[in-house]
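Enquirer: A single structure is presented below for examination.
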Amino acid sequence: MTALSHYLLLSALLFSVGLAGALARRNAIMVLIGIELMLNAANLNFIAFWRFHQNPASLDGPLMVLFSLAIAAAEAAVGLALIIHLHRRFKTTQLEQVRNLRG
Amino acid sequence: MSLTFVITALWTAVLAIAAMTLRNLIHCALCLVGTLIGLAVIYLQLDAQFIAFSQMLVYVGAISVLVVFAMLLTKSSETQAEPRGNKAWAHGLGIASMVFLVLAASFSASTVGKAADPGPRELPVAALGQSLMTTHVLPLELIALLLTSAMIGAAVLALHDRPKNPGDPRPNP
């Protein structure tokens, strides 16, 4: 049987990959994808800790993941709308070319 | 470590790395979809069926389509001027690998990761719904409010395109 630490290791790897991408990529959409990966890593942690918890009646982990899913959906919608707006204003989604605060 | 976990973990990790490093953005989005499906399979292995299906619906079904639409609308797949091996990658990889090392070291040092397996669990959806309607009703309402306002905000942001100056030739939809 797989131990909890393996799931935690996978989650840490996903989080680091997402963080590296969010820091290094220049395209705003790629930064958003990196953030989604980090959110997913946190969700995996919640589910893994729930699965290995000793109290069978505890449902806090899955509930937290459900709320996190809803927040991720809202975040993606607003983030992508912002990116589309950015593209209209600056004709680019490369983050280092967006320098003016007032467009 | 079971074989199914090794396969799905490898699938998820490799596709996540591909999603962050490939140059063509559409390929990145497809790799992201693969990563999210792999995570759903891992949720199934962790006996959280309902969460796995929610993950498929919300992430694989909705968010990835949203990402692809944003790429199409901003024509991002055509611009690939992103030189590799630059300073940003060095910084990003350095910070991320330090974060990974700290996380891995901290939970390999703790006893949490070696907790005894309590045996197969089941996720009772009825109890989940009951909990959402009783003890967690306030967060549920707040999430509903947040989603509604986020949707209105996204529509307002994406629809309105007021010309900044009178001579702006851009059409106003």
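Enquirer: What order do you get for A:34-42, B:65-73, A:88-96, A:64-72 when each peptide is scored by the mean count of other beta carbon atoms within 10 Å, highest first?
Expert: Values: A:34-42: 21.9, B:65-73: 17.8, A:88-96: 15.2, A:64-72: 19.9.
Result, highest mean first: A:34-42, A:64-72, B:65-73, A:88-96.
Enquirer: Under 30 Å between alpha carbons: how many lysine pairs meet that in the protein assembly as shown, if sequence neighbours fewer than 8 apart on the same chain are excluded?
Expert: Numbers: A:Lys91/B:Lys75; A:Lys91/B:Lys87; A:Lys91/B:Lys164; B:Lys75/B:Lys87; B:Lys75/B:Lys164.
The number of close lysine pairs in the protein assembly as shown is 5.
Enquirer: Here's a follow-up. Which of rounded, prolate or oblate describes chain B when judged by the alpha-carbon gyration tensor and an a/c cut-off of 1.5?
Expert: On the way: a/c = 2.20, a/b = 1.31, b/c = 1.67.
Because a/c hits 1.5 or more and a/b fails to exceed b/c, chain B counts as oblate.
Enquirer: Could you give the distance between the Cα centres of the range A:84-103 and the range B:128-153, to the whole Å?
Expert: Measuring centre to centre over Cα atoms gives 33 Å.
Enquirer: Treat every Asp and Glu Cβ in the protein assembly as shown as -1 and every Lys and Arg Cβ as +1, leave all other atoms uncharged, and give the resulting dipole magnitude about the Cα centre to the nearest 20 debye.
Expert: For the protein assembly as shown, the charge dipole is close to 1080 debye.
Enquirer: If you don't mind, there's one more thing I want to ask. Just counting partner chain Cβ atoms within 10 Å, what average do the residues of peptide A:92-100 show around their Cβ? List each step's numbers first, then the result.
Expert: Working: counts 5, 7, 4, 1, 1, 0, 0, 0, 0.
Taking all residues of A:92-100 together, the mean is 2.
Enquirer: Pairs of Cα atoms under 8 Å, at least six residues apart: use those to get the relative contact order of chain B, whole percent.
Expert: 16
Enquirer: State, to one decimal in nm, how far the label point of B:Ile95 lies from the label point of B:Gln49, with both points 7 Å from Cα in the Cβ direction.
Expert: 4.2
Enquirer: Continuing with the same structure: Got a sec? Which residues in the range B:34-56 would a label at B:Ala62 touch, if it sits 7 Å along Cα→Cβ and we count backbone N under 16 Å?
Expert: B:51-56
Enquirer: Right, something else. Taking chain A as the reference, fit the longest principal axis to its C-alpha atoms, fit the long axis of helix A:28-51 to the helix C-alpha atoms, and give the angle between the two in degrees, 0 to 90, nearest 10.
Expert: Compared with the principal axis, the helix lies near 10 degrees.
Enquirer: Tell me which residues come under 5 Å, amide H to amide H, from A:Asn27 once H is placed; ignore anything under 5 positions away on its chain.
Expert: Under 5 Å from the amide H of A:Asn27 lie the amide H atoms of A:Leu95, each far enough along the sequence or on another chain.
Enquirer: Average partner chain C-beta neighbours within 10 Å, per residue of A:34-45?
Expert: Averaged over the peptide's residues, the number is 4.
Enquirer: I've got another one for you. Looking at the range B:32-134, which trypsin sites (Lys or Arg not before Pro) are in a loop (DSSP not H, G, I, E or B) and have at most 10 other Cβ atoms within 10 Å?
Expert: On the way: sites: B:Lys75, B:Arg84, B:Lys87, B:Lys114, B:Arg121; in loops: B:Lys75, B:Arg84, B:Arg121.
Taking the range B:32-134 and a limit of 10 other Cβ atoms within 10 Å, the loop trypsin sites (Lys or Arg not before Pro) found are B:Arg84.
Enquirer: Would you mind getting me the FRET efficiency between B:Leu72 and B:Val14? Use the beta-carbon distance for r and R0 = 22 Å, nearest 0.05.
Expert: Efficiency, rounded to the nearest 0.05: 0.25.
Enquirer: Counting only other chains, what is the mean number of Cβ atoms within 10 angstrom of the Cβ of each residue in peptide A:57-65?
Expert: Mean partner-chain Cβ count within 10 Å for A:57-65: 5.
Enquirer: State whether the protein assembly as shown is rounded, prolate or oblate according to the following rule on the C-alpha gyration tensor (a ≥ b ≥ c being the square roots of its eigenvalues): a/c under 1.5 gives rounded; otherwise a/b larger than b/c gives prolate, and the remaining case gives oblate. Could the numbers behind the result be given before it?
Expert: Numbers: a/c = 2.45, a/b = 1.48, b/c = 1.65.
It is oblate, given that a/c is not under 1.5 and a/b is not larger than b/c.
Enquirer: Related question: Taking chain A as the reference, fit the longest principal axis to its C-alpha atoms, fit the long axis of helix A:60-90 to the helix C-alpha atoms, and give the angle between the two in degrees, 0 to 90, nearest 10.
Expert: So the inclination is approximately 10 degrees.
FYI, it's all coordinate maths here, none of it is from the lab. Please read these numbers as outputs of a predicted model, since none were measured by experiment. FYI the Cβ positions are ideal-geometry reconstructions off the backbone, even for glycines, and counts take in every protein chain you see.
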